[in-house]
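Following: one structure in structure tokens, then a few remarks.
The values are calculated or read from the model by the stated rules, or taken from the named source; none is laboratory data. All values reported here derive from a predicted model rather than from experimental measurement. Neighbour counts are summed over all protein chains in view; Cβ atoms, including those assigned to glycine, are modelled from backbone coordinates with ideal geometry.
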Amino acid sequence: MGSSSFFETEYVNEDLNEFEIIVYRVGDISFAINILKVKEVIHRGSITATPNRHRYVSGTVQFRDEAVPVIELHRVLALEDSLSTGDEKMMVVEVNGQAMVLAVDGVVGIYNINWALVHNTDELSAGLEYLATGYVKMDNETVQFLDYEKIIMEIHDERLDTGLTEKVMYVEERSNQHIVLIEDSVMMLRSIEDFLRASGYTNVTTFKNGQDALTYLLEGDHSNCGLLVTDLEMPGITGHQLTNELRRNSVHQDLPILLFSAMVSENVRERNEQVGVTQQVQKPDVSQLVSVMDEQLHIRPSVL
């Protein structure tokens, strides 16, 4: 599988709310993905069919000695296959620690974007809002951010395990803590919340974006909030900017803030320290998330 280009994804923007995105096309619709998730972009090549594959998957390709599933976004979006133009690409991406290839009709380019310009899908009326986490207007065109976590979970036909495990058990003491949880993927948000509640963290307030959470924490009397868990990239403001704003507020200066994100790099770690993130936990390890929450809230270890 030959490479046509490679992205060294460095998170170096000075603005806490800026990221680089890759804009691509599926049919006549434009989509975007954070460049931090993209390992490589190549021309569409041969695909090895695999038995019993999900309807979204056409087979696998070899990438760095690993068989990576190819997800046909036409199928995800319930669109008819386009006639070949020669511009078709495969984007090798990593989402929540899982490598996959997104088959697309073409790559438009790489752009800097401020997440303040990304709108919630509640305002979207294109018929695909159930598959998107947000959208942005670029040159009078709507560019959507797909819910890649939802796509992965649908392919594997799974949600995060909400049962009691050997590592995490229900602990009554956890119910005394008020937790704020922010995650822009609706399916991931529900799965995390279900797991937290199953472990005993039953007092959870959830948000799909950081701006609503920030307003909630700053405008109301929520000094009883014991801990905040936030995603990194979200419509409106990022987890880093949210943290930065909360650290400026005397009520929440010492609030434990956990960044629950699969984006792990030296630059992200440096930014975590700069804005005051208490600790980062790599998504989707929700068992580890509960363990870190227990540690921050001085709750006894949840081990059998």
Quick check on my filter: what residues within the stretch 40-80 are aliphatic (A, V, I, L, M) and either in contact with a Lys or Arg (Cβ under 8 Å, 6 or more places away or on another chain) or free of Cβ contacts under 8 Å to residues at least 24 places away in the same chain (or both)?
VAL41, ILE42, ILE47, ALA49, ALA67, ALA78
Please work out which residue is modelled with the lowest pLDDT, limiting yourself to the stretch 280-304 and to residues that are crowded, with 20+ Cβ neighbours inside 10 Å and charged (D, E, K, R).
LYS283
ASN17 vs. criteria in contact with a helix residue (DSSP H, G or I) (Cβ under 8 Å, 6 or more places away or on another chain), buried (at least 18 other Cβ atoms within 10 Å of the Cβ) and under 30 Å from ASN244 (Cα atoms):
yes
The condition of being touching a Gly at 6+ places or on another chain (Cβ under 7 Å), within 29 Å of GLU183 (Cα to Cα) and small (Gly, Ala, Ser) holds, among ALA49, ALA116, only for ALA116
For the subset of the stretch 111-142 comprising residues that are surrounded by fewer than 14 Cβ atoms within 10 Å (Cβ to Cβ) and either on the phi < 0 side of the Ramachandran plot or not assigned by TED's automatic domain parsing to the domain that holds VAL76 (or both), which member is modelled with the lowest pLDDT?
SER125
Kindly provide the set of residues from the stretch 20-44 that are surrounded by fewer than 16 Cβ atoms within 10 Å (Cβ to Cβ) and either in contact with a Phe, Trp or Tyr (Cβ under 9 Å, 6 or more places away or on another chain) or not in a strand (DSSP E or B) (or both), ordered by number.
GLY27, ASP28
